[in-house]
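The values are calculated or read from the model by the stated rules, or taken from the named source; none is laboratory data. What you are looking at is a predicted structure, and each value in this text was computed from that prediction instead of being measured. Cβ sites come from the backbone with ideal geometry, for glycine too, and all protein chains shown count toward neighbours.
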Amino acid sequence: MDAALWQRLSPELDRLLELDPEARALRLAALRAADPALADELDALLALDADAGGFLEESIVAGLAGACHGARIGPYALDRLLGEGGMGQVWLAHRADGLYERRVALKLLRPGLADPGLRLRFTRERQILARLEHPHIAHLLDAGIDASQQPYLALDYVDGAPITDWCHRRHLLVPRRIRLFLQVCAAVSHAHASLIVHLDLKPSNILVTDDGNVRLLDFGIAKLLDTQDHGPEQTRSGMRAFTLHYAAPEQVRGEPVTTMTDIYALGVVLHELLSGRKPYRPTRETAASWEQAILDSDPLRPSIALLREGGELAPSQRRRMARAIAGDLDNIVLRALAKQPEDRYASVEALAQDLRRWLDDKPVQARPQRIGYRLRKYVSRHRWALASTAAVVGTLAGALGAVSWQAGEAIEESARAQAMQDFVTGLFEYTGSSPRGAPLDVRDLLDAGVQRGDAELARQPRARAELYGVIARLRLGLGDYEQALALLQRQEALLEPLADVPASLRLQSASDHARALRMLGRGPDCIAHAGPHRALARQREATVPRQAADLYTQLGRCHRDRGDFDTARELFDAALTLRRQGRGDDAGIVESLADLASLHSASGDVPRALVTVDSALARLEDRLGMRHPLAIDLLRARCALRRTQGETRDAEASCTSSVGLALDLYGPGHPATLDARRQLAALHVDQGRFVEAEAEFRDALVQTVARLGPRHPDVARIHNSLGIIAWERGDEAVALAELARCVEIWRASTPGSLLADGLFNQAMVLQAFGHSRQARPLVLESLALRRERFGDRHGLVGDALRLLGEIEAAEGDWQDARTHLAEAVAITRSGYGEDHPATQRATLARARVEARLGDAAALARLDALASSPATDVESRKLAWLARAHAASVRCAGGARVVARAEFAALDAQLRDARPQGGALVREIDAARGACAPTLARR
């Protein structure tokens, strides 16, 4: 049967199959009168359908033999089914041959399919993915055919949601949706540049991760434009490979496809992203009706579709979004959805360029370029400058009317402004005096600015004070905290005797001073200096809201660092309220959200902190873009929070992004870069990469001490990390010395949660090296500090109780150990949840002690922990420990052969996963040694 005949038969056959027998007979009779040949063909097809009986009630496609949880496909073990389609199945799997650890999406070709071209398409997808290398396209990691002749592709596992669902759940504004869609355009443009057309673009193939990055999936039906042997494209005359709702008219008609086909699909996705609905409304939800709509119907404008069917959006939000979409975005979508390929955008890049022009408020190419339209765009794009000009003109007019009584003040202000202008001009003239081609040293320029200011503004103390403040803020941005503080002290000396200093200048000076003191680790001095200005800030909130918010922010951070969370929260909330009331302070709002997240984290409310950080990141990306300096700290915070939750893969992604952005914006020696590198190195410790992490921390220690001195709290953080690394590597003397130095600094500078953490780590390492008696008072002090700060039911309190129970068990105090471990399990479960690493550690410790005391149920709990899914580094470590302790208990009960097999299996896994050893390996060796000396690893 040729394609033309099938195009006539298919819609009529669909209609007839939906009718009852009587209506079907009438319809056939009408068709026979008009076209007897067509009616005969339809009659024959209906007879085949009637004779088929139960045909297709059971799948003709063979199942995937052996595809079940735990099965091995090549070097991979299957974990769970992610999806199933015509080509086969996609499983979440992990590398199981010990070469390295990685989760993958394993795509398996279904055997026994009738379509002989399916294996060809699977092979072609492997070729296609191997050619693509783009951050927004899922990477091909491996491909092959296993011993059972099962073809597979191993791709990046993308833990994300379809782009439409991701935007809907977050109620994103239209500009944010467009920026996200531009990532899709970049990925598709890269594929087109590689002469590859995707041919199945749809939201389920466009996933967005939690951190807002798009990943394009599924090139199973993609077409290579630079080859001749493409195989059948499979449209109406064969098994349809594309998704009909997103198919272009030429795909439906079975015509040749080009890059224009992907542009049409992008138009459908963009329509759905903006309106929440697809562009067509067929009368019936049948394939024939959809084909007819795609071929003949005009798509509905997204703004109209949104107003008619806005889903769960509130009416006000629906109207607001529709206003943003109406006009340019409507035209962009409709041009991408043109029926004829030549009427669409010439390339994906042209589509993306129009979307970028819309974001920049420039005329788009999808609309006629009339004078009125371009003028409106110009006014909209420059509305603030035009408004400012109008305001300046109005202000000048008013000033002229009042010039008689303002003359004296105007002359003074003019002289000060002229002096500042001359100063800035002269400062930049200084740069021309350096040898030609020599790099400009910013710090030299700032020093020269101070010298010129002292000479040229000697008789204008207020102007000189403002100059000192500006240069001090630049110094703070460079990390030169001592130099900045010296300038701010000189500024304060100039302002103190003046009677007419504006409130804005006094508050700005106090904020900068507080920031410098806090960065130097002088928290009490920060509070003492900025605290008295809080009353002035409250009085002037209405007139100088930005400066008042800055003061609240810096003072709140000092209180937070000292452990006064209630005062800090009050100040952070006040700053956020002021910034939200103003206009244009998007950076300030993001900064306040980050402060509140840090407070939630310091209070132990990690889930709430994560929500706040994600909210801040979303606003930053939407309003200012992700190359803003605030993104560095937000990504670091997200990394630390994910690490606390045991989600090491997500944590590493955020940390890596933070380091990359800090290097791009600041270079390798800046404090922000050092902090980001330190956070990533701490994560490397969790992953067993001790040599790499220690080198990073040693380098950070040298630079941080040089900048902040040896007694700063940030220096103590590095000593703490070096102590943990030394413990992991088995160097007892270095570990205890580094941790003692850390506790000493924190005890003097931040006697709060940081000190509690330092004491906890010191006790943990002492206990691990067999010094339980010295560890006990330290963990008791840490426990008391955490109870004082968080109350009796916080997860951190439970973790301290777990360590106390382990110390008591090591000393033979079994009754107290069982009591404290039971309490630790209950508190961590209540505070963190069942699956949190702290809860799992407490459960393991309790089961281990009770199993040693002969509790059979406890041994079963160890076995359950040993077999629990290992989704990240922490859960895998806990599973290994549980397995080792269960084997040790069985060995003590006489099952030595079983124990020997368990320890041998653990050895094989640990050699590959922890090549640098670590405390984990030593604990497993200790469990082996407690079982029987003969089982000790050689």
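On the basis of being of a type in the set (Val, Ile, Thr), modelled with pLDDT under 90 and under 16 Å from the mean Cα position of the chain (by Cα), does Val606 make the cut? Yes; evaluated as a whole, the condition is true for this residue. Within the range 757-768, the set of residues being farther than 18 Å from Gly812 by Cβ and without any contact (Cβ under 8 Å) to a residue 40 or more places away in the chain comprises Asp757, Leu759, Gln762, Met764.
Output the residues belonging to the range 311-348 that are over 15 Å from Thr258 (Cβ atoms) and acidic (Asp, Glu). Glu312, Asp328, Asp330, listed by residue number. A single member of Arg636, Arg627 is within 17 Å of the chain's Cα centre (by Cα) and crowded, with 20+ Cβ neighbours inside 10 Å, and it is Arg636.
Looking at the range 617-639, which of its residues are of a type in the set (A, V, I, L, M, F, W, C), closer than 15 Å to Ser658 by Cα and assigned to a helix (DSSP H, G or I)?
Selection gives Leu617, Leu620, Leu630, Ala631, Ile632, Leu634, Leu635, Ala637, Cys639.
Which condition number in (1) more than 26 Å from Ala346 (Cα to Cα); (2) at pLDDT 85 or above; (3) under 28 Å from the mean Cα position of the chain (by Cα) is the one that Arg323 fails? Exception for Arg323: condition (3). Among residues that are assigned to a loop (DSSP other than H, G, I, E, B), on the phi > 0 side of the Ramachandran plot and within 35 Å of the chain's Cα centre (by Cα), Gly917 is included.
Entry remark, the range 504-540: residues being at pLDDT 90 or above and not in a helix (DSSP H, G or I) number 1 in total.
Among the criteria (1) of a type in the set (Gly, Ala, Ser); (2) surrounded by 19 or more Cβ atoms within 10 Å (Cβ to Cβ); (3) touching a residue at least 60 places away in the same chain (Cβ under 8 Å), the one Gly730 does not fulfil is (2). When the range 340-379 is examined, which residues are found to be charged (D, E, K, R) and at pLDDT 85 or above? Matches in the range 340-379: Glu342, Asp343, Arg344, Glu349, Asp354, Arg356, Arg357.
Taking every residue in the range 895-914 that is touching a residue at least 60 places away in the same chain (Cβ under 8 Å) and pairing it with any residue that is in a loop (DSSP other than H, G, I, E, B), at least 6 positions away or on another chain, the pairs with Cβ-Cβ distances below 6 Å are Asp912/Gly98; Arg914/Gly688. Those helices (runs of 4 or more DSSP H) of the range 248-324 in which 3 or more residues are touching a residue at least 60 places away in the same chain (Cβ under 8 Å) occupy 249-253, 259-275, 287-296.
For Gly604, the criteria (1) in a helix (DSSP H, G or I); (2) touching a residue at least 40 places away in the same chain (Cβ under 8 Å) hold in every case but one, which is (1).
Scanning the range 541-551 for residues that are assigned to a loop (DSSP other than H, G, I, E, B) and either crowded, with 17+ Cβ neighbours inside 10 Å or under 37 Å from the mean Cα position of the chain (by Cα) (or both) gives Glu541, Ala542, Val544. Checking each residue in the range 586-636 for being in contact with a Phe, Trp or Tyr (Cβ under 7 Å, 6 or more places away or on another chain), of a type outside the set (Asp, Glu) and under 21 Å from Gln547 (Cα atoms) picks out Ser592, Leu596. One residue alone among Thr828, Thr819 is of a type outside the set (Gly, Ala, Ser) and over 31 Å from the mean Cα position of the chain (by Cα), and that residue is Thr819.
So which of Ala845, Ala864 is more than 16 Å from Gly893 (Cβ to Cβ), surrounded by 21 or more Cβ atoms within 10 Å (Cβ to Cβ) and either assigned by TED's automatic domain parsing to the domain that holds Glu902 or within 36 Å of the chain's Cα centre (by Cα) (or both)? Testing whether each residue is more than 16 Å from Gly893 (Cβ to Cβ), surrounded by 21 or more Cβ atoms within 10 Å (Cβ to Cβ) and either assigned by TED's automatic domain parsing to the domain that holds Glu902 or within 36 Å of the chain's Cα centre (by Cα) (or both) leaves just Ala845.
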